[in-house]
Amino acid sequence: MRVLLTEGSSTSARQAITALALAGHEVAYCDPARICLGRFSRLVVRRYRCPPLGTDPEGFRHFLHETLSRERFDVLLPIHEQGYLVARLADELRPRVAFAVPAFESYERVLTKLGFRGLLTELGLQQPPTHLLDDPRSLAQHAAYPFVVKAALGTASRSTWLIRCEADRDRAAAELAHVASPGEPILVQAWVSAPLEQAQAVFQEGRLVGFHATRRLVEGAGGGAALKESVHRPNVASDLAKIGSHLSWHGALSVDYFTDDRGERPLYIDGNPRLVEPMAASLAGLNLADLLVRVSAGHSIAHGRMGRPGVRTRLALQVLLGAALRGARRRNLVASILQLVGRPGPFAQAREELTPVRLDPLSVLPVVGAALMLLARPACAGAMVRQGWGAHLLTPEAMRHIRDLA
């Protein structure tokens, strides 16, 4: 099928390009940036420049209408926060293209931190101790370090702060004053020192049809995983099935959670109404991106499937950025690079998610460029990470505009 991704900048979009091409689909994407991760792929058949969702959601809306009216695509795949707009415009877009998103109200409950907290409480699913503040200035009275502060809206580690000391707390309060909407509660959550895992699922009309879970072994940039391993988590699959049934979920859904060593007591901390870096599941035998396309197209999925456990995968870009952000010296970065190209070490035997060099040689260019920049100046890692939080993502202002669309 011909599939249009709603952006090409994120690691999730870049991995979806590979997964969909491996399944035999023709892949195109739109993005406000001329140069992004998706640009470095021979697997993309067409690229479109589009208005930025974050600052011009109405322009992005018109772009979708014009493009889908002018050209034929079988499936529109909202690979990131553009799904919020697609869910809002579902009735007007559905005559032009197939896609899988839940009802707008359900989508919003998972997207926002406040909505997801309420959903977990409603279903009796466990989460770290959490309470709400009405004013960022109230943070000055909170000193039970460490703890986590979250604005109501924020993905890709945006609008989430780990508070270890008074200076962290004051900086978070100042930044919240700029990003939080007036009268919007702020979440303060207890810090949990436990392994972090992520689970992804695909639903068809409220029924779980695909599930995969991974454990983070080495942290990368922004809390992401530089090295992960697939795990067997039937209890988490059961919890996700409960969420999907309750919301009549249709499409993709991911959750982050802390757990014990055996994965038996998950504490859910975040939800995403989308696929997040789907190649780990593909390398473990379950192509969730292809499954999502088939659900979008209305194909009946007979039974639920799970990826196999014990498969280790890595993201070379996260390996380098994570090492630099932790203050690694140049010789440590060189050691990480050597492990990525085959020298013994934790990354050597893991399969690469983001840069499938043999299949798609161009994919390695962003990693090579990042490696050279970090070797020249390791301190630039923070700026490189922030560049990934680009104009293709939602802002609180765009979210309010979309919510108010007629």
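Within region 1-37, being surrounded by fewer than 24 Cβ atoms within 10 Å (Cβ to Cβ) and either among the basic types (K, R) or part of a loop (DSSP other than H, G, I, E, B) (or both) holds for M1, R2, A23, G24, H25, P32, A33, R34, I35, C36.
Considering region 363-406, and only residues there that are part of a helix (DSSP H, G or I) and in contact with a Ser or Thr (Cβ under 6 Å, 6 or more places away or on another chain), the residue that is nearest to A87 (Cα to Cα) turns out to be P396.
Number of residues in region 210-266 that are surrounded by fewer than 20 Cβ atoms within 10 Å (Cβ to Cβ), of a type in the set (G, A, S) and over 23 Å from I301 (Cα atoms) equals 3. Is it fair to say S106 is in a helix (DSSP H, G or I), of a type outside the set (A, V, I, L, M), at pLDDT below 90 and closer than 29 Å to E175 by Cα? No, not satisfied. Filter region 38-47 for residues that are part of a loop (DSSP other than H, G, I, E, B) and among the charged types (D, E, K, R) and give the result. Scanning region 38-47 gives a single hit, R42.
Remark: pairs (first residue in region 109-120, over 17 Å from H250 (Cβ atoms); second residue surrounded by fewer than 20 Cβ atoms within 10 Å (Cβ to Cβ) and β-branched (V, I, T); Cβ separation under 7 Å; 6+ apart in sequence or on different chains) = R117/T130. Considering only residues that are under 19 Å from A152 (Cα atoms) and surrounded by fewer than 18 Cβ atoms within 10 Å (Cβ to Cβ), which ones fall in region 55-85? Result: T55, single match. In this structure, is P361 within 17 Å of R14 (Cβ to Cβ) and either open to solvent by 70 Å² or more (accessible area, probe 1.4 Å) or touching a His at 6+ places or on another chain (Cβ under 8 Å) (or both)? Answer is yes for this residue. Taken together, R137, R94, R88, R109 contain a single residue that is open to solvent by 30 Å² or more (accessible area, probe 1.4 Å) and within 13 Å of N272 (Cα to Cα), which is R109. For region 254-306, filtering for residues that are part of a helix (DSSP H, G or I) and either among the β-branched types (V, I, T) or more than 13 Å from G210 (Cα to Cα) (or both) leaves 6. Scanning region 112-134 for residues that are of a type outside the set (D, E, K, R), part of a helix (DSSP H, G or I) and surrounded by 15 or more Cβ atoms within 10 Å (Cβ to Cβ) turns up L114, G115, F116, L119, L120.
The values are calculated or read from the model by the stated rules, or taken from the named source; none is laboratory data. Computed from a predicted structure; not experimentally measured. FYI the Cβ positions are ideal-geometry reconstructions off the backbone, even for glycines, and counts take in every protein chain you see. Areas reflect the complete protein model, heavy atoms only, side chains present, ligands, DNA and RNA absent. Shrake-Rupley method; radii C 1.70, N 1.55, O 1.52, S 1.80 Å.
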